[in-house]
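Each value in this text was obtained by applying a stated rule to the coordinates, not by laboratory testing. Computed from a predicted structure; not experimentally measured. Every residue, glycine among them, receives a Cβ derived from its backbone with ideal geometry; neighbour counts consider all protein chains shown.
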Amino acid sequence: MELYKRFPKLCIIWSFVEIVCFGGIIFGWGSLVFVLKEEGFYHSECQPIASSNHIQGEMLITNTSVNNISYNPIESSNGVLRTTFANSTANVLDGSGQDITKAEFPSDCVEQESKLNLWFSIAVGFMYLGFAAVGYIIRILGTRNTRLLFIVIYVIGTLSIAFASPVIPWLLCPGLCCIGIAGLAVLATNLQVANLYPKLRSTIVAIFTGLFDFSSIIQQIVKVVHERGIERKYSYIFISALFFSIVGFSTLCFHPRGHITEPVAKSRKKISKPDETKTEPSDVLLTEKDGNGAHSKEDAYYNSSSYESQKSHLSLRATLLSAQCLFHLFWLCIHALRFVTFIGLLNVWLKKTLNDEDERVSGFLGLFSYITMGAIGTALITGFLYDWQRRKFIKEAPLNQKLMPVLLPMLLTIVYSLSTTVMTFFESEITLYLAFVTFTFFRSSLFTVAVAFIGDAFPVDYFGVLFGFVQFAAGVAGLIQYPIFEWYEGYPKAAQHVSILLLILQLTTLIHPVILFIRCRREKQYSFNSSS
């Protein structure tokens with residue numbers, strides 16, 4: 001059955017539900033890592049704070065109790081045997097069983113944060129680097145078979161996280177990788193649904209993008225129910241069953257074996273070329289242009305007015321090595337680094353700002369999740385802004401039609417990114433609120449602008465390859481995030497130094513819109529001189 005043709009509205013609503021429930025839950029990492037630390041993941045990495053300087057080492061005794069405090073033996077990765085106590089304090093005994101000192105075990109530590117952050121960095125890098133393969137799989141296998149494949153991958157991921165424990169913490173790595181790449185595949189396959197309503201395509205895609213960010217709230221829900229006594233394991237088993245049911249049903253009933261394209265009867269429009277030669281209206285076929293789904297009468301005009309130039313565009317290799325493409329990938333990589341670094345360091349930053357008060361940290365993690373729910377609205381704002389800029393420059397020269405509309409959205413993305421970094425220099429609650437708001441705008445506009453630009457500024461038939469390179473740049477940023485985390489916790493002023501480096505890198509990305517503006521000005525001047 002392919003019910004998307006008979007019930008397009010239901011198909012759209014169903015896609016909304018899929019993305020908001022399962023799309024980008026990996027980006028709720030701040031809430032998940034809070035739960036994992038409470039459960040004792042990698043707690044054995046934390047060094048005890050001893051009240052005596054006479055301890056040269058630690059010894060492990062058998063499973064029993066000391067002063068009515070229960071504990072279990074855990075062997076750390078470096079071979080040193082330690083004890084983990086339920087209330088984080090214990091007596092340490094020497095070989096004869098005598099109490100030699102009292103040690104306090106911190107609730108968490110840098111080493112613990114580092115281990116957990118490593119899995120997040122790997123998962124984000126894998127998600128974006130693997131997305132190029134997702135696009136290829138969709139093209140070869142079709143929509144339905146691709147979704148069936150990633151249903152299995154997503155279920156494996158949720159069950160891996162469900163059954164991960166302090167004894168087998170490494171299950172977090174495959175779990176996060178699977179839900180990351182499969183969640184992105186859910187978004188990619190659902191983007192085709194926007195073709196059912198060509199006139200609303202940009203709006204629908206903007207909503208989908210916002211919902212993908214919105215879905216990080218699921219991790220906050222897991223955290224809240226965990227605090228109410230429901231184990232993380234059962235929450236993820238429930239997510240696994242729900243995903244299998246909802247996505248499985250839509251895959252078999254709504255999505256076709258091939259691809260969802262816009263109705264042929266609605267895809268042919270008479271678009272006149274408003275040039276000085278007054279040629280006859282050309283019959284333009286609006287086909288799927290890009291993964292961002294940005295189509296409108298302005299797009300049709302662009303295709304028709306630049307049809308001849310499309311025949312003689314640069315080769316793929318020349319396009320990839322062009323300054324315009326390289327600067328765009330650099331722009332994306334730097335700001336994607338800011339994006340994943342903010343999420344990866346959120347828990348650590350909150351602890352420093354709130355003086356390690358776990359209850360307040362938990363509260364602000366919840367606040368962050370609730371504020372980022374506004375990503376739906378901010379994504380719509382970005383989409384409307386981009387479309388407005390397209391309409392504004394519709395009568396400009398062909399090059400200006402392609403490049404000028406992106407300048408304002410791109411500059412605003414840089415401003416959001418810089419503002420988020422500036423907020424990290426201050427350790428106050430007010431800056432936390434401001435940072436959460438600016439980050440919500442930033443995360444919504446980053447990939448929307450990045451993808452829309454490659455669809456407009458480069459040949460249409462290269463879009464798939466260029467989109468893969470965009471995801472590759474984001475994946476590189478995800479992998480770089482881990483050494484930055486290690487640096488962030490390395491010494492007292494490391495956090496400020498990290499923020500300064502990010503600030504400098506973000507400022508260098510201004511060269512991209514500046515060069516685009518200079519090119520457009522030269523094109524406008526050339527057109528003016530030619531006409532005169």
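For I156 and L321, compute 0.36 nm times the residue count separating them, minus their Cα-Cα distance, and round to one decimal in nm.
Fully extending the segment from I156 to L321 adds 55.5 nm.
Subtract the Cα-Cα distance of R6 and I511 from 0.36 nm times their separation in residues, and report this length gain in nm to one decimal.
176.9 nm
Express the C-alpha Rg of the stretch 328-478 as a ratio against the empirical globular expectation 2.2 N^0.38 Å, rounded to two decimals.
The stretch 328-478 yields a ratio of 1.17.
Mind ranking 112-120, 129-137, 475-483 by how tightly packed they are, going by the mean number of other C-beta atoms within 10 angstrom, highest first?
112-120, 475-483, 129-137
Between Y370 and Q496, what is the spin-label point distance in nm, taking each point 7 Å from the Cα along the Cα→C-beta axis?
3.3
Only counting other Cβ atoms within 10 Å, I'd like T438, T508 sorted with the fewest neighbours first.
The most exposed by this proxy come first: T508, T438.
Label I237 and V224 with points 7 Å out from Cα along Cα→Cβ: what is the distance between them in nm?
Placing both labels 7 Å along Cα→Cβ, they lie 2.3 nm apart.
FRET efficiency for N355 and I504, Cβ-Cβ distance as r, R0 = 30 Å, nearest 0.05?
Rounded to the nearest 0.05, the efficiency is 0.55.
Anything over 32 Å Cα to Cα? Flag those among K199/K395; K5/K395; K5/K392; K9/K233; K5/K233; K9/K37, in the order listed.
K5/K395; K5/K392; K9/K233; K5/K233; K9/K37
Mind giving me the nanometre distance, one decimal, between the label points for Y197 and R391, set 7 Å out from Cα along Cα→Cβ?
The answer from the label model is 1.8 nm.
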